[in-house]
Amino acid sequence: MSAVGTPAARTGGGPAAAPLGAGWRTLLTPAGVLLAAVATVAYTQAADLDSTEARSLNLPHIAAKTWEHVGLTAVSTLLVLAIAVPLGVLVSRRWMRWSTPAVLAVANIGQSAPPVGVIVLLAIAVGIGFWPAVVALVLYGMLPALRNTMVGLREVDPALVEAARGIGMSAWRVLVRVELPLAVPVILAGVRTTVVHNVGVAGLAAFINGGGLGELVVSGVNTSRVATLVVGSVLIALLALLVDWIAGVVTAALRPKGL
Amino acid sequence: MTLPEYIASRFDMLAFQAVQHASMVAQCLLVAAAVGVGLGILVHRDERATALATGATSVLFTIPSLAMLGLLIAPLGLGVAPSVTAIVLYALLPVLRNTIVGLNGVDPALVEAARGIGMSRSRVLLRVQLPLAWPVILTGLRVAAQLAMGIGAIAAFVSGPGLGDQIFSGLARIGAANALNATLVGTLGIVLMALLFDALFVLIGKLTTSRGIRSHA
(Lines give C-alpha, C1' and ligand atoms only; values in the text may rest on other atoms or scores of the structure.)
Protein backbone atom coordinates (compact mmCIF):
# COMPACT_ATOMS: atom_id res chain seq x y z
CA MET A 1 0.00 0.00 0.00
CA SER A 2 1.30 3.42 -0.81
CA ALA A 3 0.42 6.88 0.37
CA VAL A 4 -2.07 8.96 -1.55
CA GLY A 5 -0.47 12.08 -2.90
CA THR A 6 2.58 11.10 -4.88
CA PRO A 7 1.43 11.34 -8.48
CA ALA A 8 1.71 7.65 -9.25
CA ALA A 9 0.26 6.48 -5.97
CA ARG A 10 -2.65 8.87 -6.00
CA THR A 11 -3.91 7.39 -9.19
CA GLY A 12 -3.10 3.77 -8.49
CA GLY A 13 -4.36 1.46 -5.79
CA GLY A 14 -7.95 0.41 -5.37
CA PRO A 15 -9.42 -2.73 -3.91
CA ALA A 16 -8.40 -5.02 -6.75
CA ALA A 17 -4.79 -3.91 -6.85
CA ALA A 18 -3.56 -7.48 -7.33
CA PRO A 19 -6.51 -9.27 -8.85
CA LEU A 20 -4.58 -11.96 -10.66
CA GLY A 21 -3.06 -14.75 -8.63
CA ALA A 22 -5.57 -14.29 -5.85
CA GLY A 23 -7.34 -17.47 -7.00
CA TRP A 24 -11.09 -17.75 -6.67
CA ARG A 25 -11.25 -14.53 -4.70
CA THR A 26 -10.61 -12.69 -7.95
CA LEU A 27 -14.09 -13.67 -9.06
CA LEU A 28 -15.73 -12.52 -5.83
CA THR A 29 -16.11 -8.92 -7.01
CA PRO A 30 -17.77 -9.55 -10.39
CA ALA A 31 -19.96 -12.27 -8.88
CA GLY A 32 -21.12 -9.92 -6.13
CA VAL A 33 -21.67 -7.07 -8.57
CA LEU A 34 -23.68 -9.22 -10.98
CA LEU A 35 -25.74 -10.67 -8.14
CA ALA A 36 -26.55 -7.18 -6.84
CA ALA A 37 -27.40 -5.98 -10.35
CA VAL A 38 -29.74 -8.91 -10.94
CA ALA A 39 -31.38 -8.31 -7.55
CA THR A 40 -31.85 -4.60 -8.37
CA VAL A 41 -33.38 -5.27 -11.77
CA ALA A 42 -35.54 -8.07 -10.33
CA TYR A 43 -36.82 -5.58 -7.75
CA THR A 44 -37.91 -3.20 -10.50
CA GLN A 45 -39.91 -6.01 -12.09
CA ALA A 46 -41.49 -7.29 -8.89
CA ALA A 47 -42.18 -3.99 -7.14
CA ASP A 48 -45.49 -2.19 -7.35
CA LEU A 49 -44.56 0.88 -9.41
CA ASP A 50 -46.70 3.86 -10.30
CA SER A 51 -46.86 4.98 -13.94
CA THR A 52 -44.02 7.54 -13.59
CA GLU A 53 -41.71 4.95 -12.13
CA ALA A 54 -42.78 2.30 -14.62
CA ARG A 55 -41.84 4.59 -17.48
CA SER A 56 -38.20 4.64 -16.26
CA LEU A 57 -37.90 1.27 -14.64
CA ASN A 58 -38.97 -1.12 -17.39
CA LEU A 59 -36.43 -3.63 -18.67
CA PRO A 60 -35.84 -2.23 -22.18
CA HIS A 61 -35.33 1.28 -20.80
CA ILE A 62 -32.88 0.16 -18.12
CA ALA A 63 -30.97 -1.93 -20.68
CA ALA A 64 -30.84 1.00 -23.12
CA LYS A 65 -29.58 3.42 -20.46
CA THR A 66 -26.97 0.93 -19.25
CA TRP A 67 -25.80 0.43 -22.81
CA GLU A 68 -25.58 4.21 -23.35
CA HIS A 69 -23.56 4.51 -20.17
CA VAL A 70 -21.13 1.81 -21.28
CA GLY A 71 -20.94 3.53 -24.68
CA LEU A 72 -20.13 6.92 -23.19
CA THR A 73 -17.44 5.39 -20.97
CA ALA A 74 -15.91 3.19 -23.66
CA VAL A 75 -15.80 5.82 -26.43
CA SER A 76 -14.33 8.46 -24.15
CA THR A 77 -11.76 6.09 -22.66
CA LEU A 78 -10.58 4.98 -26.12
CA LEU A 79 -10.26 8.61 -27.20
CA VAL A 80 -8.32 9.41 -24.03
CA LEU A 81 -5.93 6.53 -24.73
CA ALA A 82 -5.45 7.67 -28.31
CA ILE A 83 -4.70 11.25 -27.26
CA ALA A 84 -3.17 11.21 -23.78
CA VAL A 85 -0.53 8.51 -24.17
CA PRO A 86 1.06 9.92 -27.38
CA LEU A 87 0.84 13.42 -25.93
CA GLY A 88 2.49 12.23 -22.71
CA VAL A 89 5.27 10.58 -24.73
CA LEU A 90 5.72 13.73 -26.79
CA VAL A 91 6.11 16.12 -23.88
CA SER A 92 8.46 13.67 -22.17
CA ARG A 93 10.97 13.73 -25.05
CA ARG A 94 14.24 15.38 -24.13
CA TRP A 95 13.68 18.39 -26.38
CA MET A 96 10.26 18.93 -24.83
CA ARG A 97 11.27 18.36 -21.20
CA TRP A 98 11.06 22.08 -20.46
CA SER A 99 7.28 21.89 -20.86
CA THR A 100 6.78 19.16 -18.23
CA PRO A 101 6.19 21.41 -15.19
CA ALA A 102 3.78 23.60 -17.17
CA VAL A 103 1.80 20.63 -18.49
CA LEU A 104 1.64 19.04 -15.03
CA ALA A 105 0.51 22.33 -13.49
CA VAL A 106 -2.24 22.73 -16.09
CA ALA A 107 -3.28 19.10 -15.56
CA ASN A 108 -3.45 19.58 -11.80
CA ILE A 109 -5.44 22.80 -12.03
CA GLY A 110 -7.76 21.22 -14.60
CA GLN A 111 -8.29 18.31 -12.24
CA SER A 112 -9.64 20.66 -9.60
CA ALA A 113 -12.35 21.91 -11.98
CA PRO A 114 -15.63 20.29 -10.98
CA PRO A 115 -16.69 17.85 -13.73
CA VAL A 116 -20.29 19.03 -13.63
CA GLY A 117 -19.08 22.57 -14.40
CA VAL A 118 -17.00 21.34 -17.32
CA ILE A 119 -19.96 19.40 -18.74
CA VAL A 120 -22.34 22.34 -18.50
CA LEU A 121 -19.76 24.71 -20.03
CA LEU A 122 -19.38 22.33 -22.98
CA ALA A 123 -23.13 22.10 -23.37
CA ILE A 124 -23.27 25.88 -23.61
CA ALA A 125 -20.32 25.98 -26.01
CA VAL A 126 -21.17 23.10 -28.39
CA GLY A 127 -24.71 22.05 -27.53
CA ILE A 128 -26.34 19.17 -25.71
CA GLY A 129 -26.31 15.46 -26.46
CA PHE A 130 -24.02 12.43 -26.62
CA TRP A 131 -20.96 13.96 -28.30
CA PRO A 132 -20.61 17.07 -26.13
CA ALA A 133 -20.77 14.69 -23.17
CA VAL A 134 -18.02 12.58 -24.74
CA VAL A 135 -15.88 15.69 -25.24
CA ALA A 136 -16.30 16.61 -21.57
CA LEU A 137 -15.42 13.06 -20.52
CA VAL A 138 -12.32 13.10 -22.71
CA LEU A 139 -11.16 16.48 -21.41
CA TYR A 140 -11.67 15.43 -17.84
CA GLY A 141 -10.34 11.90 -18.22
CA MET A 142 -7.22 13.05 -20.09
CA LEU A 143 -5.59 14.35 -16.96
CA PRO A 144 -4.83 11.18 -14.98
CA ALA A 145 -3.73 9.29 -18.10
CA LEU A 146 -1.53 12.15 -19.30
CA ARG A 147 0.02 12.76 -15.92
CA ASN A 148 0.78 9.10 -15.30
CA THR A 149 2.29 8.67 -18.77
CA MET A 150 4.64 11.57 -18.04
CA VAL A 151 5.45 10.41 -14.52
CA GLY A 152 5.94 6.82 -15.64
CA LEU A 153 8.36 7.82 -18.39
CA ARG A 154 10.19 10.23 -16.12
CA GLU A 155 10.78 7.55 -13.52
CA VAL A 156 12.55 5.24 -15.97
CA ASP A 157 16.17 4.98 -14.85
CA PRO A 158 18.21 7.24 -17.19
CA ALA A 159 21.06 4.75 -16.97
CA LEU A 160 18.89 2.14 -18.71
CA VAL A 161 18.04 4.57 -21.50
CA GLU A 162 21.70 5.40 -21.90
CA ALA A 163 22.66 1.73 -21.91
CA ALA A 164 20.08 1.05 -24.62
CA ARG A 165 21.42 3.95 -26.67
CA GLY A 166 24.92 2.66 -26.02
CA ILE A 167 24.22 -0.75 -27.54
CA GLY A 168 23.09 1.04 -30.68
CA MET A 169 19.32 1.29 -30.37
CA SER A 170 17.67 4.19 -32.15
CA ALA A 171 15.72 6.72 -30.07
CA TRP A 172 12.49 5.20 -31.37
CA ARG A 173 13.54 1.66 -30.41
CA VAL A 174 14.60 2.85 -26.96
CA LEU A 175 11.14 4.33 -26.49
CA VAL A 176 9.27 1.26 -27.68
CA ARG A 177 11.51 -1.44 -26.22
CA VAL A 178 12.76 0.15 -23.00
CA GLU A 179 10.95 3.25 -21.81
CA LEU A 180 7.32 2.39 -22.58
CA PRO A 181 7.46 -1.19 -21.21
CA LEU A 182 9.01 0.08 -17.98
CA ALA A 183 6.42 2.84 -17.69
CA VAL A 184 3.46 0.57 -18.48
CA PRO A 185 2.40 -0.13 -14.85
CA VAL A 186 2.21 3.59 -14.03
CA ILE A 187 0.49 4.42 -17.32
CA LEU A 188 -2.07 1.67 -16.78
CA ALA A 189 -2.75 2.89 -13.25
CA GLY A 190 -3.61 6.26 -14.80
CA VAL A 191 -5.84 4.66 -17.42
CA ARG A 192 -7.61 2.71 -14.69
CA THR A 193 -8.29 5.92 -12.80
CA THR A 194 -9.53 7.51 -16.01
CA VAL A 195 -11.96 4.75 -16.86
CA VAL A 196 -13.43 4.56 -13.35
CA HIS A 197 -13.72 8.38 -13.27
CA ASN A 198 -15.43 8.24 -16.62
CA VAL A 199 -18.11 5.87 -15.36
CA GLY A 200 -18.91 8.49 -12.74
CA VAL A 201 -18.69 11.53 -14.97
CA ALA A 202 -20.77 9.72 -17.59
CA GLY A 203 -23.53 9.78 -14.99
CA LEU A 204 -23.45 13.57 -15.23
CA ALA A 205 -24.03 13.37 -19.00
CA ALA A 206 -27.72 13.05 -18.20
CA PHE A 207 -27.76 16.74 -17.25
CA ILE A 208 -27.05 17.67 -20.88
CA ASN A 209 -29.17 14.95 -22.53
CA GLY A 210 -26.14 12.75 -23.11
CA GLY A 211 -28.01 9.63 -21.99
CA GLY A 212 -26.77 6.98 -19.62
CA LEU A 213 -27.90 5.73 -16.23
CA GLY A 214 -27.64 9.24 -14.80
CA GLU A 215 -31.00 9.85 -16.48
CA LEU A 216 -32.65 7.56 -13.93
CA VAL A 217 -31.06 9.51 -11.08
CA VAL A 218 -31.98 12.90 -12.55
CA SER A 219 -35.55 11.97 -13.40
CA GLY A 220 -35.88 10.30 -10.01
CA VAL A 221 -34.89 13.53 -8.27
CA ASN A 222 -37.00 15.72 -10.56
CA THR A 223 -40.13 13.63 -10.14
CA SER A 224 -39.47 12.75 -6.48
CA ARG A 225 -39.43 9.03 -7.18
CA VAL A 226 -37.01 7.45 -4.75
CA ALA A 227 -37.21 4.03 -6.41
CA THR A 228 -36.05 5.39 -9.79
CA LEU A 229 -33.31 7.41 -8.13
CA VAL A 230 -32.00 4.51 -6.06
CA VAL A 231 -32.08 2.00 -8.94
CA GLY A 232 -30.11 4.43 -11.12
CA SER A 233 -27.59 5.12 -8.36
CA VAL A 234 -27.12 1.45 -7.53
CA LEU A 235 -26.57 0.53 -11.18
CA ILE A 236 -24.00 3.33 -11.69
CA ALA A 237 -22.17 2.27 -8.53
CA LEU A 238 -22.15 -1.39 -9.58
CA LEU A 239 -20.93 -0.48 -13.06
CA ALA A 240 -18.07 1.53 -11.54
CA LEU A 241 -17.06 -1.37 -9.28
CA LEU A 242 -17.20 -3.79 -12.20
CA VAL A 243 -15.17 -1.51 -14.48
CA ASP A 244 -12.58 -1.01 -11.74
CA TRP A 245 -12.28 -4.79 -11.39
CA ILE A 246 -11.93 -5.31 -15.16
CA ALA A 247 -9.31 -2.56 -15.33
CA GLY A 248 -7.45 -4.20 -12.44
CA VAL A 249 -7.40 -7.57 -14.19
CA VAL A 250 -6.25 -6.00 -17.47
CA THR A 251 -3.56 -4.01 -15.64
CA ALA A 252 -2.18 -7.15 -14.03
CA ALA A 253 -2.30 -9.08 -17.30
CA LEU A 254 -0.47 -6.39 -19.29
CA ARG A 255 2.31 -5.86 -16.78
CA PRO A 256 5.60 -6.67 -18.51
CA LYS A 257 7.07 -9.98 -17.35
CA GLY A 258 10.42 -8.51 -16.33
CA LEU A 259 8.95 -6.25 -13.66
CA MET B 1 -23.67 41.18 -19.65
CA THR B 2 -20.00 40.41 -19.35
CA LEU B 3 -18.53 38.20 -16.64
CA PRO B 4 -17.24 41.10 -14.47
CA GLU B 5 -20.62 42.82 -14.74
CA TYR B 6 -22.35 39.62 -13.76
CA ILE B 7 -20.12 39.22 -10.72
CA ALA B 8 -20.57 42.87 -9.74
CA SER B 9 -24.36 42.73 -10.05
CA ARG B 10 -24.66 39.68 -7.80
CA PHE B 11 -21.63 40.11 -5.64
CA ASP B 12 -23.38 39.61 -2.30
CA MET B 13 -25.04 36.38 -3.34
CA LEU B 14 -21.91 35.01 -4.98
CA ALA B 15 -19.78 35.86 -1.97
CA PHE B 16 -22.33 34.16 0.26
CA GLN B 17 -22.31 31.03 -1.89
CA ALA B 18 -18.51 30.98 -2.00
CA VAL B 19 -18.28 31.27 1.78
CA GLN B 20 -20.93 28.58 2.14
CA HIS B 21 -18.95 26.31 -0.18
CA ALA B 22 -15.68 26.90 1.65
CA SER B 23 -17.23 26.42 5.07
CA MET B 24 -18.97 23.22 3.97
CA VAL B 25 -15.69 21.83 2.67
CA ALA B 26 -13.76 22.96 5.74
CA GLN B 27 -16.25 21.41 8.16
CA CYS B 28 -16.38 18.17 6.21
CA LEU B 29 -12.59 18.05 6.22
CA LEU B 30 -12.51 18.51 9.98
CA VAL B 31 -14.87 15.58 10.46
CA ALA B 32 -13.00 13.46 7.91
CA ALA B 33 -9.68 14.33 9.57
CA ALA B 34 -10.93 13.41 13.04
CA VAL B 35 -12.52 10.15 11.89
CA GLY B 36 -9.80 9.24 9.40
CA VAL B 37 -6.84 9.89 11.69
CA GLY B 38 -8.62 8.28 14.64
CA LEU B 39 -9.50 5.21 12.63
CA GLY B 40 -5.97 5.09 11.20
CA ILE B 41 -4.47 5.15 14.69
CA LEU B 42 -6.82 2.37 15.79
CA VAL B 43 -6.17 0.03 12.87
CA HIS B 44 -2.58 0.70 11.79
CA ARG B 45 -1.07 -1.92 14.11
CA ASP B 46 -3.30 -4.73 12.92
CA GLU B 47 -2.81 -5.96 9.38
CA ARG B 48 -6.30 -7.40 8.97
CA ALA B 49 -8.05 -4.36 10.40
CA THR B 50 -5.96 -2.19 8.09
CA ALA B 51 -6.92 -4.25 5.05
CA LEU B 52 -10.58 -4.13 6.06
CA ALA B 53 -10.61 -0.37 6.64
CA THR B 54 -8.78 0.54 3.44
CA GLY B 55 -10.76 -2.02 1.45
CA ALA B 56 -14.07 -0.59 2.65
CA THR B 57 -13.07 3.01 1.95
CA SER B 58 -11.67 2.03 -1.47
CA VAL B 59 -15.03 0.54 -2.43
CA LEU B 60 -16.78 3.73 -1.25
CA PHE B 61 -14.26 5.73 -3.25
CA THR B 62 -15.00 3.81 -6.44
CA ILE B 63 -18.71 4.67 -6.25
CA PRO B 64 -19.31 7.79 -8.38
CA SER B 65 -20.41 10.89 -6.49
CA LEU B 66 -23.74 11.24 -8.32
CA ALA B 67 -24.64 7.66 -7.38
CA MET B 68 -23.51 8.23 -3.79
CA LEU B 69 -25.66 11.35 -3.50
CA GLY B 70 -28.59 9.47 -5.01
CA LEU B 71 -28.22 6.65 -2.51
CA LEU B 72 -27.96 9.09 0.39
CA ILE B 73 -31.13 10.96 -0.63
CA ALA B 74 -33.19 7.86 0.10
CA PRO B 75 -32.50 7.85 3.86
CA LEU B 76 -31.51 11.51 4.38
CA GLY B 77 -33.74 13.47 2.00
CA LEU B 78 -32.59 16.49 0.00
CA GLY B 79 -30.41 19.31 1.26
CA VAL B 80 -27.34 19.67 3.42
CA ALA B 81 -27.37 16.20 5.01
CA PRO B 82 -26.67 14.04 1.91
CA SER B 83 -24.11 16.56 0.57
CA VAL B 84 -22.13 16.68 3.77
CA THR B 85 -22.30 12.91 4.30
CA ALA B 86 -21.07 12.23 0.76
CA ILE B 87 -18.18 14.68 1.05
CA VAL B 88 -17.06 13.24 4.39
CA LEU B 89 -17.18 9.68 3.02
CA TYR B 90 -15.02 10.58 0.01
CA ALA B 91 -12.59 12.63 2.07
CA LEU B 92 -12.08 9.71 4.43
CA LEU B 93 -10.12 7.50 2.04
CA PRO B 94 -7.05 9.69 1.45
CA VAL B 95 -6.90 10.71 5.12
CA LEU B 96 -7.24 7.17 6.45
CA ARG B 97 -4.84 5.66 3.94
CA ASN B 98 -2.17 8.28 4.49
CA THR B 99 -2.50 8.05 8.27
CA ILE B 100 -1.87 4.31 8.11
CA VAL B 101 1.00 4.65 5.66
CA GLY B 102 2.49 7.54 7.62
CA LEU B 103 2.31 5.77 10.97
CA ASN B 104 3.67 2.51 9.57
CA GLY B 105 6.44 4.40 7.81
CA VAL B 106 7.90 5.56 11.12
CA ASP B 107 11.20 3.80 11.78
CA PRO B 108 10.48 1.03 14.34
CA ALA B 109 13.87 1.73 15.93
CA LEU B 110 12.62 5.20 16.89
CA VAL B 111 9.49 3.79 18.48
CA GLU B 112 11.56 1.26 20.38
CA ALA B 113 13.97 3.94 21.52
CA ALA B 114 11.07 6.06 22.77
CA ARG B 115 9.64 3.08 24.62
CA GLY B 116 13.12 2.38 25.97
CA ILE B 117 13.46 5.79 27.60
CA GLY B 118 10.21 5.08 29.44
CA MET B 119 7.52 6.72 27.29
CA SER B 120 4.07 5.21 27.50
CA ARG B 121 2.35 3.95 24.34
CA SER B 122 0.14 7.00 24.01
CA ARG B 123 3.09 9.33 24.58
CA VAL B 124 5.07 7.53 21.87
CA LEU B 125 2.11 8.00 19.56
CA LEU B 126 1.71 11.69 20.40
CA ARG B 127 5.36 12.71 20.65
CA VAL B 128 7.04 10.44 18.09
CA GLN B 129 4.76 8.67 15.64
CA LEU B 130 2.21 11.36 14.86
CA PRO B 131 4.73 14.20 14.39
CA LEU B 132 6.78 12.01 12.05
CA ALA B 133 3.71 10.87 10.12
CA TRP B 134 2.20 14.37 9.99
CA PRO B 135 3.51 15.44 6.55
CA VAL B 136 2.03 12.30 4.98
CA ILE B 137 -1.29 12.78 6.79
CA LEU B 138 -1.38 16.41 5.67
CA THR B 139 -0.88 15.33 2.05
CA GLY B 140 -3.90 13.08 2.46
CA LEU B 141 -5.91 16.03 3.74
CA ARG B 142 -4.80 18.10 0.75
CA VAL B 143 -6.06 15.48 -1.67
CA ALA B 144 -9.27 15.21 0.36
CA ALA B 145 -9.77 18.99 0.10
CA GLN B 146 -9.50 18.89 -3.70
CA LEU B 147 -12.03 16.04 -3.85
CA ALA B 148 -14.41 17.79 -1.48
CA MET B 149 -14.40 20.97 -3.58
CA GLY B 150 -15.47 19.10 -6.70
CA ILE B 151 -18.10 16.95 -5.01
CA GLY B 152 -19.44 20.07 -3.34
CA ALA B 153 -20.33 21.30 -6.85
CA ILE B 154 -22.74 18.41 -7.41
CA ALA B 155 -24.27 19.01 -3.97
CA ALA B 156 -26.42 21.77 -5.47
CA PHE B 157 -28.24 19.10 -7.47
CA VAL B 158 -29.60 17.64 -4.23
CA SER B 159 -30.40 21.17 -3.00
CA GLY B 160 -27.15 21.40 -1.05
CA PRO B 161 -25.32 24.67 -0.37
CA GLY B 162 -22.47 26.34 -2.24
CA LEU B 163 -21.26 27.55 -5.62
CA GLY B 164 -22.60 24.50 -7.44
CA ASP B 165 -25.89 26.39 -7.44
CA GLN B 166 -24.42 28.75 -10.07
CA ILE B 167 -23.53 25.82 -12.33
CA PHE B 168 -26.99 24.29 -12.05
CA SER B 169 -28.77 27.61 -12.59
CA GLY B 170 -26.57 28.04 -15.68
CA LEU B 171 -27.65 24.59 -16.80
CA ALA B 172 -31.31 25.39 -16.22
CA ARG B 173 -31.03 28.53 -18.35
CA ILE B 174 -28.97 27.26 -21.30
CA GLY B 175 -29.60 29.61 -24.20
CA ALA B 176 -30.56 32.50 -21.91
CA ALA B 177 -28.36 35.53 -21.38
CA ASN B 178 -26.56 34.67 -18.17
CA ALA B 179 -26.19 30.90 -18.54
CA LEU B 180 -22.51 31.11 -19.49
CA ASN B 181 -21.72 33.70 -16.82
CA ALA B 182 -23.35 31.68 -14.05
CA THR B 183 -21.64 28.44 -15.07
CA LEU B 184 -18.26 30.15 -15.45
CA VAL B 185 -18.54 31.81 -12.05
CA GLY B 186 -19.45 28.51 -10.43
CA THR B 187 -16.72 26.50 -12.15
CA LEU B 188 -13.92 29.03 -11.91
CA GLY B 189 -14.91 29.97 -8.38
CA ILE B 190 -14.53 26.37 -7.30
CA VAL B 191 -11.17 26.03 -9.10
CA LEU B 192 -9.98 29.21 -7.40
CA MET B 193 -11.07 28.02 -3.97
CA ALA B 194 -9.43 24.64 -4.56
CA LEU B 195 -6.16 26.43 -5.30
CA LEU B 196 -6.57 28.62 -2.21
CA PHE B 197 -7.19 25.60 0.00
CA ASP B 198 -4.15 23.92 -1.51
CA ALA B 199 -1.99 26.94 -0.74
CA LEU B 200 -3.41 27.01 2.77
CA PHE B 201 -2.38 23.40 3.30
CA VAL B 202 1.15 24.12 2.09
CA LEU B 203 1.27 26.92 4.66
CA ILE B 204 -0.14 24.71 7.43
CA GLY B 205 2.44 22.09 6.48
CA LYS B 206 5.26 24.62 6.81
CA LEU B 207 3.99 25.82 10.18
CA THR B 208 3.13 22.50 11.78
CA THR B 209 5.80 20.12 10.56
CA SER B 210 8.10 19.09 13.37
CA ARG B 211 11.39 20.99 13.17
CA GLY B 212 13.51 17.87 13.13
CA ILE B 213 12.10 16.63 9.81
CA ARG B 214 11.34 19.95 8.16
CA SER B 215 14.29 19.86 5.79
CA HIS B 216 13.11 16.86 3.80
CA ALA B 217 9.37 17.18 4.36
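Remarks
- Verdict on B:Ala182 being more than 7 Å from chain A (Cβ to nearest Cβ), assigned to a helix (DSSP H, G or I) and either closer than 26 Å to B:Val88 by Cβ or within 19 Å of the chain's Cα centre (by Cα) (or both): no
- Selection status of A:Ala102, loosely packed, with under 13 Cβ neighbours inside 10 Å, within 14 Å of another protein chain (Cβ to nearest Cβ), out of contact with any strand residue (DSSP E or B) (no Cβ under 8 Å at 6 or more places or on another chain) and assigned to a helix (DSSP H, G or I): no
- Verdict on A:Ala253 being more than 14 Å from every other protein chain (Cβ to nearest Cβ), surrounded by fewer than 24 Cβ atoms within 10 Å (Cβ to Cβ) and modelled with pLDDT under 90: yes
- Flag set for B:Val31, criterion: at pLDDT 95 or above and either of a type in the set (Ser, Thr, Tyr) or over 14 Å from B:Met149 (Cβ atoms) (or both).
- Of all residues in the stretch A:222-233 being β-branched (Val, Ile, Thr) and more than 7 Å from chain B (Cβ to nearest Cβ), the one that is surrounded by the fewest Cβ atoms within 10 Å (Cβ to Cβ): A:Thr223
- B:Gly160, sole failed condition from (1) part of a helix (DSSP H, G or I); (2) touching a Pro at 6+ places or on another chain (Cβ under 8 Å): (1)
- Helices (runs of 4 or more DSSP H) enclosed by the stretch B:36-127 - at least 3 residues per element that are in contact (Cβ under 8 Å) with a residue 60 or more places away in the chain and under 16 Å from B:Ala148 (Cα atoms): B:65-76, B:80-104
- Criterion: exposed (fewer than 13 other Cβ atoms within 10 Å of the Cβ), modelled with pLDDT of 90 or more and more than 25 Å from the chain's Cα centre (by Cα) - qualifying residue of A:Ala164, A:Ala159: A:Ala159
- Out of B:Ile154, B:Ile190, B:Ile167, one residue alone is surrounded by 24 or more Cβ atoms within 10 Å (Cβ to Cβ), in contact with a helix residue (DSSP H, G or I) (Cβ under 7 Å, 6 or more places away or on another chain), modelled with pLDDT under 90 and facing another protein chain (nearest Cβ under 9 Å). It is B:Ile154.
- When residues in the stretch A:197-241 are screened for being under 19 Å from A:Ala42 (Cα atoms) and either over 22 Å from the mean Cα position of the chain (by Cα) or not in a loop (DSSP other than H, G, I, E, B) (or both), 18 of them pass.
- Listing of helices (runs of 4 or more DSSP H) fully contained in the stretch A:121-184 that carry 2 or more residues being of a type outside the set (Ser, Thr, Tyr) and in contact (Cβ under 8 Å) with a residue 24 or more places away in the chain: A:130-154
Per-residue answers, yes or no, for (1) touching a helix residue (DSSP H, G or I) at 6+ places or on another chain (Cβ under 6 Å); (2) buried (at least 23 other Cβ atoms within 10 Å of the Cβ); (3) within 11 Å of chain A (Cβ to nearest Cβ):
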{"residue": "B:Thr57", "(1), (2), (3)": "yes, no, yes"}
{"residue": "B:Leu66", "(1), (2), (3)": "yes, yes, yes"}
{"residue": "B:Leu69", "(1), (2), (3)": "yes, yes, yes"}
{"residue": "B:Gly79", "(1), (2), (3)": "no, no, no"}
{"residue": "B:Pro94", "(1), (2), (3)": "yes, yes, yes"}
{"residue": "B:Asp107", "(1), (2), (3)": "no, no, no"}
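The values are calculated or read from the model by the stated rules, or taken from the named source; none is laboratory data. Predicted, not measured: the structure shown is a model, and the values here were computed from it. All Cβ positions, glycine included, derive from the backbone under ideal geometry; neighbour counts span all protein chains shown.
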